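Before any comments, here is the structure.
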Amino acid sequence: MTIKDTPEEWEIRATDTPFVGNKTSVRTDDVVMPDGHVARRDYQVHPGSVAVLALDDEGRVLVIRQYRHPVRHKLWEIPAGLLDVPGENPLHAAQRELYEEAHVKAEDWRVLTDVYTTPGGCDEAVRIFLARDLSEADGDRFEVEHEEADMELARVPVEELVRGVLAGELHNNCLVVGVLSLIAAQHGDGLDALRPAEAPWPARPFES
């Protein structure tokens, strides 16, 4: 048996969109199950996201601390953002987010991993990039607002983040997946063996 996720789509008898928000919506599908029964499934429709694990020459990860209202927490996270434009190149979006949230640029970009954040209730797909060879970005800092106006930045050793993840002290999905994937890659074939930054992403096809 090959352990690999595969695309598949079951028959939909009816569909409705009872809620449309600014960035996301909620969809209700009547899906035909393998036994022939029709089951109703509600889920959030999401444009997709990118995240950046920015690793400096001292082995520290650039993290931000931001208030997240749905979970009533200030979470330590890695820079991330929505794919606002359909078909947008995820690498360009990741470079934009790293600039806007941390005023940093990177010369070396690779795909660290691709994930569905909550596939039981949302179709959000996230591509997490590894960014290296960091330096201060040119130009003025991006003007932030709302939750981002209270954002804190830090550079934290990878080992400290791993400890926090395993101790249940750090909870952000992209940070957890990104940090543990980084460790796995370092102990596997190495970071230079990761996929190129422009690797295909079937979950969110993009223009080069």
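List of remarks:
- Cβ-based net charge around Pro18, under 14 Å, with every Lys or Arg adding one and every Asp or Glu removing one: -1
- At R0 = 45 Å, FRET efficiency that the Cβ-Cβ distance of Arg13 and Leu82 yields, to 0.05: 0.90
- Annotation: the residues Ile183, Ile12, sorted from fewest to most other C-beta atoms within 10 Å of their own C-beta, follow the order Ile12, Ile183.
- On full extension, the segment bounded by Arg195 and Ser208 gains 3.1 nm, given 0.36 nm per residue less the C-alpha separation.
- Intensity falloff of the range 1-58 expressed as log10 I(q)/I(0), Debye formula with alpha-carbon point scatterers, at q = 0.17, 0.18, 0.23, 0.28 Å⁻¹: -0.79, -0.83, -0.99, -1.10
- The residues Met151, Met1, Met33, when put in order of fewest to most other Cβ atoms within 10 Å, stand as Met1, Met33, Met151.
- Cβ-based exposure ranking for Phe129, Phe206, Phe19, in which fewest neighbours within 10 Å come first: Phe19, Phe206, Phe129
- Inter-centroid distance (Cα atoms) of the range 1-80 relative to the range 144-208, Å: 16
- The alpha-carbon atoms of the range 49-196, seen along their principal axes, cover 40, 36, 31 angstrom, with the largest extent given first.
- Applying a length cut-off of 18 Å (Cα extent along the axis) and a mean Kyte-Doolittle floor of 0.5 to the DSSP H helices of the chain leaves 173-186.
Here, each number is a calculation from the coordinates, and none is a lab measurement. Model, not experiment: these values are computed from the prediction. So basically every Cβ, Gly included, is an ideal-geometry build from the backbone, and we count neighbours across all protein chains shown.
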